[in-house]
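First the structure, in the form of structure tokens, and then the observations on it.
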Amino acid sequence: PYRKDDYYYYTRTEEGKPYSIYCRKKGSLEAPEEVLLDVNAIGEGKEYVDVGVFAVSPNHKILAYSVDDTGYERFTLRFKDLTTGQLLPDTVENTYYAIAWANDNETVFYDTVDEANRPYRLNRHTLGQTEKTDTVIYEEKDDRFFLSVERSLSGEYLLMSLGSAVTSEVHVLPAATPDAAWQVIEPRVQEIEYSVAHHGDYFYILTNEDAMNFKLVRAPISAPQKASWESVIEHDEAVTLGGLMTFRDHLVIYERNQGLPQLRVVPVKDPKSSHHIAFSEASYDVWPNTNREFNTTTFRFGYTSMVTPDSIFDYDFNTREQTLMK
């Protein structure tokens with residue numbers, strides 16, 4: 001189970017049933033189980049069913065989830081009141097794999113697909129309204145680019161990412177003002193890629209501009225454009241930076257050194273005192289696992305090697321201890 005605020009969320013299966021059951025417990029793992037979504041019930045009598053998005057509102061009272069029962073990856077988005085257990089009348093067709101809640105707990109942003117099943121539109125839906133009244137926020141006309149949207153781990157911003165094989169562009173919106181205009185971090189330039197994470201007064205940006213293996217910069221949220229970027233981690237010809245997560249006191253960077261994956265922990269207040277999570281084996285694979293808490297001292301990652309089965313560890317930023325969870 002992963003923790004988000006006062007809840008522990010998890011999925012489980014039952015023998016003889018083909019699909020997952022989404023559950024949670026409040027306060028502790030000893031609390032009574034609350035079943036949020038039983039996919040077996042949804043798939044009863046159907047040859048196929050798949051869940052695309054599963055996103056609980058910031059106040060944990062509304063579940064947004066989407067279902068495809070054709071195999072064409074065109075999902076129908078639905079909403080469930082977790083207090084009453086009743087489905088809301090809202091439905092949205094032809095959605096894809098991305099969704100982000102605003103802080104008001106009644107506005108969601110989602111992507112829809114074109115005839116080629118390319119996610120290309122960002123839409124805004126308000127609970128209680130019909131799909132016909134949803135607002136198209138952005139439409140990507142260049143068919144090389146795919147669109148996605150997510151909520152920052154801090155919970156303070158929504159991020160719309162537009163990406164092709166070699167180029168990217170990110171737009172941001174304060175999660176507290178869903179009706180405001182989205183702001184572009186930096187307009188796209190062919191063969192320049194970047195990704196964005198929010199922390200406090202800054203956006204942290206991984207970019208390959210003049211840095212084949214990527215570098216880490218940051219910019220104030222009031223002026224996120226390239227002219228305001230300041231270096232955090234310089235480009236290294238031997239190390240590729242591949243991903244970034246921001247927590248209250250630390251950044252975690254996924255990187256590769258001579259092909260070997262590593263996790264670098266960077267204290268926000270003292271980036272130069274960064275360290276790598278230590279592993280005793282000479283060859284392995286490691287990756288970030290489910291991390292949903294911003295205000296935490298624990299980072300969860302997955303690990304495996306030729307002699308170690310797939311395992312999930314919790315890492316304490318302060319003590320640097322690794323705890324095997326599963």
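The values are calculated or read from the model by the stated rules, or taken from the named source; none is laboratory data. Fair warning: this is a prediction, and the values are worked out from it, not measured in the lab. As a convention, Cβ positions derive from the backbone with ideal geometry for all residues, glycine included, and neighbour counts pool all protein chains shown. Side chains are part of the model used for accessible areas, which takes the heavy atoms of the whole protein and leaves out ligands, DNA and RNA. Shrake-Rupley method; radii C 1.70, N 1.55, O 1.52, S 1.80 Å.
Of everything listed in (1) in contact with a Phe, Trp or Tyr (Cβ under 7 Å, 6 or more places away or on another chain); (2) open to solvent by 50 Å² or more (accessible area, probe 1.4 Å), the single unmet condition for GLU131 is (1). For the residues LEU206, LEU216, the requirement of being over 18 Å from the mean Cα position of the chain (by Cα) and open to solvent by less than 40 Å² (accessible area, probe 1.4 Å) singles out LEU216. Counting the residues of the stretch 266-289 that are surrounded by 15 or more Cβ atoms within 10 Å (Cβ to Cβ) and among the polar types (S, T, N, Q) gives 2.
For the stretch 79-93, the criterion of being in contact with a Pro (Cβ under 9 Å, 6 or more places away or on another chain) and either within 20 Å of ALA41 (Cβ to Cβ) or modelled with pLDDT of 95 or more (or both) is satisfied by at least one residue.
The residues of the stretch 75-85 that are over 20 Å from the mean Cα position of the chain (by Cα) and charged (D, E, K, R), listed by number, are LYS80, ASP81. Of a type in the set (Ser, Thr, Tyr), touching a strand residue (DSSP E or B) at 6+ places or on another chain (Cβ under 6 Å) and closer than 21 Å to TYR194 by Cβ: does that describe SER274? The answer is yes for SER274.
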